[in-house]
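Presented below is the structure to which this report refers.
The values are calculated or read from the model by the stated rules, or taken from the named source; none is laboratory data. The shown structure was predicted, so the numbers you read here are calculated from the model rather than taken from an experiment. Using ideal geometry, Cβ is built from the backbone for each residue, glycine included, and neighbour counts are taken over all protein chains shown. Protein only, heavy atoms only, side chains kept; ligands, DNA and RNA dropped before computing areas. Shrake-Rupley method; radii C 1.70, N 1.55, O 1.52, S 1.80 Å.
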Amino acid sequence: MRCALIGNPNVGKSLIFNQLTGLGVEVSNYPGTTVELMQGKLCYQKSSLEIVDLPGIYSMDGESAEEELVRTYLLTSTPDAVIAVLDATRMERNLYLLLQLAEYRVPMIVVINMIDEAAHQGIAIDSESLSSILGVPVIETAASLGKNINEIVPAVLSSARPAGITVPYTPQIEAAIRSLGKLYGATRLQALMALQGIGTAGDLVEGAQTIAGEIESLNHMAAPQIIGANRHLCARRIAADVVGAQKPDRRFSADRLLTKAIPGIPILIAVLLSMLLIVFVAGSFLEGLIVEVFTALVIEPFQALSLPPLATALGMAALLAIVAGLGIAFPFVFIFYILLSIIEDTGYLTRAAFLADRVMHGFGLHGGAIIPMVMAFGCNVPAVMAASQLRTGRERTIAAFLVTMVPCSARTVIITGIVAAFVGLLAALSIYLIVFVLIVLTGVFLARNIPGGQYGMILEIVPLRMPDPGMVLKKSWTRIREFLFIAMPLLLLGSVVLGALDYYGAMDAFSLMIAPISEGVLGLPAYATTALLFGILRKEMAFETLAVLSGTADLGSVLTAVQLYTFAVISVLFVPCISTIAILLRQMGARVTLAVSAYTIMLGFLIGGLIHLIAG
Amino acid sequence: MGYMNTSVREDCLEAILTLTQANGGSVTAEGIMAAVDANQAAVEAGLAGLVAEGAVRLENGEYLLSPEGKTVAESVLRKHRVLECFLCEMLGMDTGAASKEACVLEHGISDDTIDRLSRYIERPGHGQRRHCAGRCRERSLLDFAEGDLIEITMIRCLGRNRRLIDLGLIPGEQIVIRRKLHNNAIVVRVKGADIALSPEIASTVFAEPVR
């Protein structure tokens, strides 16, 4: 038996899913989309149950990737039962989705979650009367306390059935449903979808659109709006019957501070800066630990094997790639994701988006785009995936440019490892400054020059909550997976190929070739430019390669401060790493990928050349 | 007096219809008086006349439209909307004035004229016609202050922002402005949830204060 969890975003669906399934969860991308589906199995009294956690949505008829996914999922791989999760503190709006869901006629049970929070707010819910109105079992739960979660599965197995409620639509809509049924044999659900322009049956949608046009000209209100209003009205009536009167919530809300320009914006900046600081401090510590252990346990024994030279070269290249991935980027990225999941699960991120809305408008984006931008500080790969969820091509293109310019944790390693260590802390900070100025200039330039409309932000500010540690870890793990499974294989492959090239002397030949440009334009020795090329694989490899090629870890003794600075600026700016290029290609297409790569190469060498001209 | 009488009656019918659509039932005499621009005595007389005619039924202090009453009300409402749309979108009148003017004109215009006018407005190639649903008021969300309780009257280009419908931001809904930054990004409370809107979205949502 297969059953799916459906509900609004932030109703505690994932927490319920976690408690139902425990470990052994499988994450997969739904075919043809980037939206993730969580699946888990459980056994209850000898029956096996497969549970799918569908993404949180506001409507079954919406246009977002998540909403389309849930719709397609229900229509094509119809589950045997649906667990509809409602938020007890927002019953009316949650009932709106439930009424839509009822139209799919799938057996369901209703879970009213966060009943504890509702009690705090003085909201009383009559779940028995809701159960009799809907004709399905209704369970009150408090997932954060684990209350009543164990009642869900027995209810699904014993008494899930299609909800017996029908939304009464205005006579014109009802008439349209009847005539579409007669003309095309459409069910009520199909007719309603077709009236809103959703569906694949060409003649039905065409016929429905003609009727919808008539309805619109008669009412001067589009059919989707009338349908939506009818559902909201029905939801309001049900809510009036089952939700007790609510006393105004007089408790102190942190939003009095968080969403005000002052002190909200200083708090936002402080939060972001302290995130970066924590990542840096904790990351460097873990990095040292992992690299040390790995070198002692794996690399040194491998070198002691004294294999044939080619095997040693290739093996070392592969091992270095693994240590680079696991030992350097992994601690930084993972810690960053934990922090990101925390600010996301507390609900702070939506407030950040609201505050950043204005700044993002300057870049032709809106507040919602702050999320990929912040993610990019960890690793550009998942940030690009998040950016590809933006609504228009224009937004996606601009976000692709900006996100790939954000200094990810690997680039942080370069800035700190080369500049902070050998030049000075202020110099290191000045690199961040240069990068941010360039991001702002690029954003403003692109906003003015890429044609297309601007969509604004419509974003729910989710209530502030204490994050659940298990959920935070799980979310961070899901995110790091992308990094491990997309970035690591590329890193390994690229590293081995470069190792082979180096073995056959191609690198030396390349150094000779690049020498005039490197020395003349950038004022860097040829081997430094070769090291920069390694940076395409993974940014921090530029740093390691530089150390290997220059023959010493004390870079300050072989390169001048200006040379080190130039090297760091170029490697931070130019070309996203190969994993980012791959993900750009997959999500944004060849044109954007090419443009981003060409632009960042040009920018890197331009700024590098400028620094050489001025300071060299 | 005869003409005045009809127009007040038609205004009452129209008010009952819009109030029914907005609140879903429970239309009281007070609600109608607030919506109709005439003195109290005239409205009371008009309502009494409508009940006597059978266009309106009075049940437990609530006014309900009979089928005949509804037909008349729909026709008047349609006239109002077509006229208002014509005045504000094509003649460029300000929305408040267009609505007032439409309120007067709607009682004298014939069905045929309205049909022709409606077709004229919707003629393709006439530039982009904005949705002019309901009574346009010139105050958008940006014209209100933090803490204001307001009722949405109209949303422009709702088709572009389907999520507004799904979150409950629809005409007739009462919302509170929770936060407004100096850059006009706002947070509104709708159905118990706080929704952040960019300035360009907030400017498409029109509302009036709830008394």
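The table for this structure:
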item: Residues that are at the interface with chain A (Cβ under 7 Å from one of its Cβ atoms) and part of a strand (DSSP E or B), drawn from the stretch B:172-198; result: B:R179, B:V187, B:A193, B:D194, B:I195, B:A196, B:L197
item: Residue within the stretch A:455-465 that is open to solvent by 50 Å² or more (accessible area, probe 1.4 Å) and away from every other protein chain (no Cβ under 14 Å) present; result: no
item: Count of the stretch A:231-242 residues which are open to solvent by less than 80 Å² (accessible area, probe 1.4 Å), in contact (Cβ under 8 Å) with a residue 40 or more places away in the chain and facing another protein chain (nearest Cβ under 10 Å); result: 5
item: Of residues in the stretch A:167-189 being without any contact (Cβ under 8 Å) to a residue 24 or more places away in the chain and closer than 16 Å to A:R231 by Cα, the one least open to solvent (accessible area, probe 1.4 Å); result: A:I177
item: Where A:L268 falls short, out of the listed (1) farther than 30 Å from A:A186 by Cβ; (2) touching a helix residue (DSSP H, G or I) at 6+ places or on another chain (Cβ under 7 Å); (3) more than 13 Å from chain B (Cβ to nearest Cβ); result: (3)
item: Filtered residues of the stretch A:348-403 (kept if open to solvent by 10 Å² or more (accessible area, probe 1.4 Å), touching a residue at least 24 places away in the same chain (Cβ under 8 Å), in a helix (DSSP H, G or I) and among the charged types (D, E, K, R)); result: A:R394, A:R396
item: Some residue of the stretch A:100-108 being within 20 Å of A:L189 (Cα to Cα), buried (at least 16 other Cβ atoms within 10 Å of the Cβ) and among the polar types (S, T, N, Q); result: yes
item: For A:I211: the one exception among (1) open to solvent by less than 30 Å² (accessible area, probe 1.4 Å); (2) in contact with a Leu (Cβ under 8 Å, 6 or more places away or on another chain); result: (1)
item: Residues of the stretch A:44-85 that turn out to be among the hydrophobic types (A, V, I, L, M, F, W, C) and within 14 Å of chain B (Cβ to nearest Cβ), as a count; result: 4
item: Of all residues in the stretch A:86-115 being assigned to a helix (DSSP H, G or I) and out of contact with any helix residue (DSSP H, G or I) (no Cβ under 6 Å at 6 or more places or on another chain), the one that is farthest from the other protein chains (Cβ to nearest Cβ); result: A:A102
item: Tabulated pairs, the stretch A:582-611, first free of Cβ contacts under 8 Å to residues at least 12 places away in the same chain, second polar (S, T, N, Q), C-beta under 7 angstrom, 6+ apart or interchain; result: A:L585/A:T593
item: Every residue from the stretch B:56-76 that is closer than 22 Å to B:I109 by Cα and open to solvent by less than 10 Å² (accessible area, probe 1.4 Å); result: B:G69, B:A73, B:V76
item: The stretch A:82-94 residues that are of a type in the set (V, I, T), paired with ones that are open to solvent by less than 10 Å² (accessible area, probe 1.4 Å) and in a helix (DSSP H, G or I) (beta carbon under 7 Å, 6 or more apart); result: A:V82/A:L101; A:I83/A:I152; A:I83/A:V156; A:V85/A:I16; A:T89/A:A118
item: Scan of the stretch B:169-204 for residues that are in contact (Cβ under 8 Å) with a residue 40 or more places away in the chain and under 22 Å from A:A369 (Cβ atoms), ordered by number; result: B:N184, B:I186, B:V188, B:L197, B:P199, B:I201, B:A202, B:S203, B:T204
